[in-house]
Amino acid sequence: MSIGIVGGGIIGLSIAFELVERGRTDITVYDRDPTQGAGLVAAGMLAPTAEAGFGEEVLQDLMSESMRRWPSFAERVEARTGTPIAYRTDGTLLVALTADDQAEVDRLIGFYHRAGRPIEPLSGRALRELEPLLAPRVRGGARAPGDHQVDPRRLLRALRMLPVRFEARDVVDLSTLQDDVIIVANGIGAAALTGLPVRPVKGQLLRLRGAEPLLRHVVRGIAAGRDVYLVPRADGELIVGATEEERGADRTVTAGGLLDLLRPAADLLPGVAELVLSETLAGLRPSTPDNAPVIDRLESPPVIVAAGHHRNGVLLAPATAAAVAETVIDGATNIDITAFRAGRFT
Ligand code: GLY
């Protein structure tokens, strides 16, 4: 059985990985330009707690299920490809600068408790014990020990080593593919191929570089009402993200977007101002009307689709990939994807 996967980003390649793990050999990945995907811009937060949203309970179940799969997924990807992907389990810190920011963090802590996510409130002093370079006026926050991180660029590099065929072509008409099974996993491109309501949501971010890491944990901060996240890498890189903008497929980086990120970043972690600015980027999250992905077998066109992962593509990759691989091979999956059917949008 030949399998064609449209989309060579993190979702498409993770599906290829789970198919290879299950012994499939005849796999082609179609992508004209894999550098355009959201994965190369993503910071790599695996945050079922800090990315949990109000009113998104069903999505949270899939986030938790996928997080449960991440340790084994990371281990298996590294073992099969011989490429380290920098999977880290230090946890996320919620950090509030002002009293108003603290009130917002308290509201989030209550929500995470009710959602059954592990969360430990921390004083400003306790936060600075964990991260001594946080600003002295940081009020307080919390620790989400169940949130992890991975380096998406390393993950993509690893998945590109898979024994599959890569065809650098744009698929604009699914009927031109000869494969027995076709999987559509090309993010915002899935809209044109399937008619599903997947739209781009722009995110700008910065990559900074220093000799030593300024942080050990991922920080999800609120400073004077402005949200920011800081994702440290062991080599001294610090990723500062991300805006969320409804601007269609616009990938421009703007001064205002960067200011919105740098101001709260430097308020919470003053050492940010000393770092070298190595890259500014804008990526396009593939988003749906309810912020949850579509993972489903369609009748028309006759494909399996896995797209629309919005802010959580990297986190949701293991569960999505396993669900799709099981559907291809066994005709069904034990992972509960009933809430992610395409029909909910018709
Ligand atoms: N998961 C973080 C983001 O989408 O910006």
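The values are calculated or read from the model by the stated rules, or taken from the named source; none is laboratory data. These numbers come from a predicted model, not from an experiment. Every residue, glycine as well, gets a Cβ built from its backbone with ideal geometry; the counts of neighbours run over all protein chains shown. Heads up: the accessible areas ignore ligands, DNA and RNA and are worked out on the full protein's heavy atoms, side chains in. Shrake-Rupley method; radii C 1.70, N 1.55, O 1.52, S 1.80 Å.
The single residue among Leu281, Leu277, Leu316 that is within 16 Å of the ligand (Cβ to nearest atom), farther than 13 Å from Ala38 by Cα and not hydroxyl-bearing (Ser, Thr, Tyr) turns out to be Leu316. Taking the range 192-213 as the range and being under 11 Å from Arg233 (Cβ atoms) and buried (at least 18 other Cβ atoms within 10 Å of the Cβ) as the test, the residues that pass are Arg207, Leu208.
Table: residues versus (1) within 16 Å of the ligand (Cβ to nearest atom); (2) open to solvent by less than 40 Å² (accessible area, probe 1.4 Å); (3) touching an Asp or Glu at 6+ places or on another chain (Cβ under 7 Å).
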position: Met1; (1), (2), (3): no, no, yes
position: Gly7; (1), (2), (3): no, yes, yes
position: Tyr30; (1), (2), (3): no, yes, yes
position: Thr35; (1), (2), (3): no, no, no
position: Thr81; (1), (2), (3): no, yes, no
position: Leu94; (1), (2), (3): yes, yes, no
position: Ala99; (1), (2), (3): no, no, no
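Looking across the range 41-67 at every residue that is within 13 Å of the ligand (Cβ to nearest atom) and β-branched (Val, Ile, Thr), the one that is farthest from the chain's Cα centre (by Cα) is identified as Thr49. Checking every residue in the range 98-110 against the condition of being in contact with a Gly (Cβ under 6 Å, 6 or more places away or on another chain) and either at pLDDT below 95 or not in a strand (DSSP E or B) (or both) gives at least one match.
A single entry from Leu215, Leu208 fulfils the requirement of being touching a Leu at 6+ places or on another chain (Cβ under 7 Å) and not in a strand (DSSP E or B): Leu215. Summed over the range 5-50, the residues that are β-branched (Val, Ile, Thr), touching a residue at least 24 places away in the same chain (Cβ under 8 Å) and farther than 13 Å from Ile183 by Cβ give a count of 5.
Figure legend. Inter-residue proximity from the range 165-182: first residues touching a residue at least 60 places away in the same chain (Cβ under 8 Å), second residues of a type in the set (S, T, N, Q) and part of a loop (DSSP other than H, G, I, E, B), beta-carbon distance below 6 Å, spacing 6+ or different chains. Indicated pairs: Asp179/Ser2; Asp180/Ser2.
What tally of residues in the range 155-189 results from selecting those that are in contact with a Ser or Thr (Cβ under 6 Å, 6 or more places away or on another chain) and either over 19 Å from Gly39 (Cα atoms) or modelled with pLDDT under 95 (or both)? Final tally of qualifying residues: 3. Of the residues contained in the range 296-316, one or more are found to be surrounded by fewer than 17 Cβ atoms within 10 Å (Cβ to Cβ), hydroxyl-bearing (Ser, Thr, Tyr) and free of Cβ contacts under 8 Å to residues at least 60 places away in the same chain. Among the residues of the range 207-248, those that are more than 21 Å from Ala282 (Cβ to Cβ), free of Cβ contacts under 8 Å to residues at least 60 places away in the same chain and touching a Gly at 6+ places or on another chain (Cβ under 9 Å) comprise Ala211, Glu212, Pro213, Gly236. For Val77, the criteria (1) more than 19 Å from Thr320 (Cα to Cα); (2) surrounded by 14 or more Cβ atoms within 10 Å (Cβ to Cβ) hold in every case but one, which is (1).
Here is a yes/no grid of residues against (1) within 15 Å of the ligand (Cβ to nearest atom); (2) in a loop (DSSP other than H, G, I, E, B); (3) of a type in the set (Phe, Trp, Tyr); (4) surrounded by fewer than 21 Cβ atoms within 10 Å (Cβ to Cβ):
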| position | (1), (2), (3), (4) |
| --- | --- |
| Val219 | yes, no, no, no |
| Asp227 | yes, no, no, yes |
| Ala249 | no, yes, no, yes |
| Thr252 | no, yes, no, yes |
| Asp260 | yes, no, no, yes |
| Ala265 | yes, no, no, no |
